[in-house]
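The values are calculated or read from the model by the stated rules, or taken from the named source; none is laboratory data. Owing to the predicted nature of the structure, the values given are computational and were not obtained by experimental measurement. Positions of Cβ are generated from backbone atoms using ideal geometry, with glycine treated the same way; all protein chains shown enter the neighbour counts. Heavy atoms of the whole protein, side chains included, go into the accessibility calculation; ligands, DNA and RNA do not. Shrake-Rupley method; radii C 1.70, N 1.55, O 1.52, S 1.80 Å.
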Amino acid sequence: MSKHVAVLMGGWSNERPVSLSSGTECAAALRRAGYQVTEVDVGRDIANVLAALKPDVAFNALHGPFGESGMIQGLLELMQIPYTHSGVLASALAMDKHQAKIMLKSAGVPVTDHVIVHRAEAGKAHVMPPPYVIKPIADGSSFGVFIVKGDTSHPPQEILREDWNSGEEVMVERYIPGRELTCAVMGDVALGVTEIVTELNFYNFEAKYAEGGSVHVIPADLKPKIYDKVQKMALAAHAALGCRGVTRSDFRYNDAVGEDGELVCLEINTQPGMTPTSLVPEQAAHAGHSYEELVAWMVEDASCNR
């Protein structure tokens, strides 16, 4: 008898639409792969729902704080339901960009210089010389991210709005010009390196998910030693936080400085998108894994005590 997989999707974060798209795609692929699938739009009653369903595996297709921060992972551990992706600690560390960068730096993975300040301070005056980036400490899909260019006279005032819902503290980090690179890890294997090219201001929500918002070049046109370095850094980031399953690490590469340029890791994503425009399915396909094979691998890799 095939495994019964509960695909957890939706939720209540800013990334609910992305999660619904990811979850729907994953559920359809798992059915094609022969699994019994129940799609679960996650609400506050998720423990009762799972207790009634009694799935063999929970496929975590949630995005945003509740789904990525270790909370749902802790619940699944308590209920002893095997689940996909990273465990409680790795999820919590990766979701907190400040803590993640501390761990990455200690593991020898280059990161950008940054400070953590209250959003009122970041909105009142420049807290570091421009250009720099302002971003929430714990959010995804580029929500609340602002690039402050070198000729900007004052910080973005949007972070002072009353409807701001991305936390009272923000990260302000040095802006790295250059190319946007990303590399997924599947188990203990680094997949291909993708360069993301967009005509928009940066790889924001629209660039990520809108039709034609960006172009993904895989394999990225890099010197072999730089391509290899990105893969090794993605593996090192995955290991430094104790991640499991599939992750995706994002990088900036400024090839205009020095012989080999400046390569830094921006962040690691423990719940990469699985939508039709997402990067991980493309990288898996480049490595010879169909979408169905990718999600089936995740299900078979699922466990507790991750």
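The figures follow:
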item	result
Pairwise Cα inverse-distance average, inverted: Kirkwood Rh of the stretch 149-306 (Å)	17.3 Å
Order by protection proxy (mean Cβ within 10 Å, highest first), peptides 34-41, 217-224, 268-275	268-275, 34-41, 217-224
Kirkwood hydrodynamic radius of the stretch 151-190, from inverse mean 1/r over distinct Cα pairs, in Å	14.5 Å
Over the chain, volume per residue of the alpha carbon convex hull, in Å³	125 Å³
Structure-based [θ]222 nm, the chain - -39500 (n - 2.57) summed over DSSP H runs of at least 4, per residue, nearest 500	-9500 deg cm²/dmol
Cross-link partners of residue 54 among lysines (Cα-Cα below 24 Å; sequence separation of 8 or more within a chain)	3
The chain, accessible area per residue, ligands and nucleic acids excluded (1.4 Å, Å²)	43 Å²
Stokes-Einstein translational diffusion, the stretch 1-43 - Kirkwood Rh over all Cα pairs, 1.002 mPa s, 20 °C, in µm²/s	204 µm²/s
Partners for residue 229 among lysines (Cα-Cα distance below 30 Å; same-chain residues under 8 apart left out)	97, 101, 105, 135, 149, 208
Residue 260 versus residue 157: modelled label distance in nm, points set 7 Å from Cα along the beta carbon direction	4.6 nm
When the convex hull of its Cα atoms is projected in every direction, mean area for the stretch 12-102 (nm²)	6.1 nm²
Amide H contacts of residue 38 (H built 1.01 Å from N, under 5 Å, at least 5 apart or other chain)	5, 6, 7
Kirkwood hydrodynamic radius of the stretch 14-65, Cα pairs, Å	11.8 Å
In degrees, nearest ten, helix 224-240 long axis to first principal axis of the chain (Cα)	60 degrees
Partner aspartates and glutamates for residue 223 [C-alpha distance under 16 Å; skip if fewer than 8 residues away on the same chain]	180, 195, 255, 259, 260, 262
Euclidean distance between Cα centres, the stretch 64-81 to the stretch 1-55, Å	14 Å
FRET efficiency for residue 52 and residue 292, using Cβ-Cβ distance with R0 set to 22 Å, rounded to 0.05	0.20
